[in-house]
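Here's the structure, in structure tokens; my notes come after.
The values are calculated or read from the model by the stated rules, or taken from the named source; none is laboratory data. Worth saying up front: this structure is predicted, and the values here are computed from it rather than measured. Don't worry about glycine lacking a Cβ; one is built from the backbone with ideal geometry, like all the others, and counts go over all protein chains shown. The accessibility values were calculated without ligands, DNA or RNA, using every heavy atom of the protein model including side chains. Shrake-Rupley method; radii C 1.70, N 1.55, O 1.52, S 1.80 Å.
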Amino acid sequence: MSSPKTHQRDSTPTLLRWRSLKRQSLAITTIVILCLLSFLVSGLPQSTSGSRSANRKPEEPARLSDAVSVQARGRGNPTINLSDGHQLLTSYVGPEELRLALEQNQAEPLSLASADFDEDGGPDLASGYGYDGRGIVTLLRGNVDSIYPNAPEAKQRQANGTFTAAPFLSPAQVFDAPVAADFIGAGDFDSDSHWDVVVASRTTKALYLLSGDGRGGFASPREIALPGVVTAMTTGEINRADGLTDLVIGVTGERGSQVLVFEGPEGALRAQPEVFDLPAPATSLALGQLDRDYTMDLAIAAGNQLLIVQGRDRKLSLEESLRAKVAPAVTSSRAWGASGSDHDASDALRYAGRNS
């Protein structure tokens, strides 16, 4: 029989081994927990996403319909050749009432504008609609895979089944507009370096600005009063090009028919418009370099009159004393077609566009 001292000495190695095993078990347990934790964290967004979409029909990639909507193939020339047009099939995300109106073809398509609203390097498409006395604006993001189908990213999407050759991606974002979008334009109208959208109706004395956020979203519409109902609208560069999109609007009101030119270094809609009186309501507007000068000119179709406003440098970024010395714009006009004929100056603009 061993003494207590001998027993204590003999049990020491056993105690040390037990403590060592305990530390090893604790280390192994910690490693297992960390591995499981990282697995659970990485899987959490997928589980959450799955639970949110459990009650919603999965969204499919945008695709083109098999049926031809517009016959265009073989009708071009050596300069421009178009393929047949196909309907773009997409889902919508936005207010329920507006989404259903689009899906059930209850909204009337009225206007189109293109810009890189989400700033990913590809052009997007903004569409204007009329519905139930108000408007709808949709945004379709451009699909870079349709331009570069052989890029590594496109090849990867082809492998996992998410590739689409459609020019735009699904779903389309849906935004509410106060009026039917008879006219829509795109540009940085508030000089915040993000593309915006403006919409106007033929029945309203106002313009509505939807400021872009650079991520494909828009702020609530802001109303800008006009001196008459809108009859025509265009966007682009006028006078000396400064890299900011200008806005030209034809209106008819108590002061007669006019064209308003919005331009300025702080954004077109932060400036007071330059006003041109017209002999009749403007029915079409076009911006371009119509002579040999470097400035951009404005062509206006008003009744059977074709008016040209020659571009000039208004020196809008300089001080007031220098701006006051700028001469008024030089305008010219010519009649297009006989009075009372079926042709008006809008035909002249279309003809000029075909031959420019």
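Just need a number here: residues in the stretch 233-257 that are assigned to a strand (DSSP E or B), β-branched (V, I, T), open to solvent by 20 Å² or more (accessible area, probe 1.4 Å) and in contact with a Gly (Cβ under 6 Å, 6 or more places away or on another chain).
Number satisfying all stated conditions: 2.
With the requirement that a residue be farther than 18 Å from A115 by Cα and surrounded by 18 or more Cβ atoms within 10 Å (Cβ to Cβ), what does the stretch 164-181 give you?
The answer is T164, A177, V179, A180.
Give the stretch 296-309 a look and list any residue that's at pLDDT 95 or above and touching an Asp or Glu at 6+ places or on another chain (Cβ under 8 Å), or say none.
M296, D297, A301, I308, V309
What is the residue count in the stretch 214-232 for residues that are closer than 17 Å to V199 by Cα and open to solvent by 30 Å² or more (accessible area, probe 1.4 Å)?
The total comes to 9.
Go through the stretch 270-284 and report how many residues are crowded, with 20+ Cβ neighbours inside 10 Å and either over 17 Å from G253 (Cβ atoms) or touching a His at 6+ places or on another chain (Cβ under 9 Å) (or both).
Qualifying residue count, the stretch 270-284: 1.
Does the stretch 259-269 contain any residue that is at pLDDT below 95, in a loop (DSSP other than H, G, I, E, B) and either among the aromatic types (F, W, Y) or open to solvent by 50 Å² or more (accessible area, probe 1.4 Å) (or both)?
Within the stretch 259-269, one or more residues are at pLDDT below 95, in a loop (DSSP other than H, G, I, E, B) and either among the aromatic types (F, W, Y) or open to solvent by 50 Å² or more (accessible area, probe 1.4 Å) (or both).
Does Q87 satisfy the condition of being open to solvent by 50 Å² or more (accessible area, probe 1.4 Å) and either over 21 Å from the mean Cα position of the chain (by Cα) or hydrophobic (A, V, I, L, M, F, W, C) (or both)?
no
Please determine whether any residue of the stretch 222-231 is in a strand (DSSP E or B) and within 17 Å of D124 (Cβ to Cβ).
no
Quick one: what pairs do we get from the stretch 68-90, first residue in contact (Cβ under 8 Å) with a residue 12 or more places away in the chain, second open to solvent by 90 Å² or more (accessible area, probe 1.4 Å) and among the acidic types (D, E), C-beta under 8 Å, 6+ apart or different chains?
H86/D66
Anything in the stretch 116-140 that is over 18 Å from P221 (Cα atoms) and open to solvent by less than 20 Å² (accessible area, probe 1.4 Å)? List them, or say none.
Once the filter is applied, which keeps residues that are over 18 Å from P221 (Cα atoms) and open to solvent by less than 20 Å² (accessible area, probe 1.4 Å), the stretch 116-140 yields G122, D124, L140.
If I go through the stretch 286-306 residue by residue, how many of them are free of Cβ contacts under 8 Å to residues at least 60 places away in the same chain, touching a helix residue (DSSP H, G or I) at 6+ places or on another chain (Cβ under 8 Å) and open to solvent by 20 Å² or more (accessible area, probe 1.4 Å)?
Selection size over the stretch 286-306: 4.
So, L209, is that one at pLDDT 95 or above, more than 22 Å from A302 (Cβ to Cβ) and touching a Phe, Trp or Tyr at 6+ places or on another chain (Cβ under 9 Å) or not?
Spelling it out, L209 is indeed at pLDDT 95 or above, more than 22 Å from A302 (Cβ to Cβ) and touching a Phe, Trp or Tyr at 6+ places or on another chain (Cβ under 9 Å).
Which pairs do you get when a residue that is more than 25 Å from P265 (Cβ to Cβ), found in the stretch 178-199, comes within reach of a residue that is among the β-branched types (V, I, T) and in a loop (DSSP other than H, G, I, E, B), reach meaning Cβ atoms under 7 angstrom, with the pair 6+ apart or on two chains?
V179/T204
So, in the stretch 325-356, exactly how many residues are at pLDDT below 90, under 23 Å from E263 (Cβ atoms) and in a loop (DSSP other than H, G, I, E, B)?
Number satisfying all stated conditions: 1.
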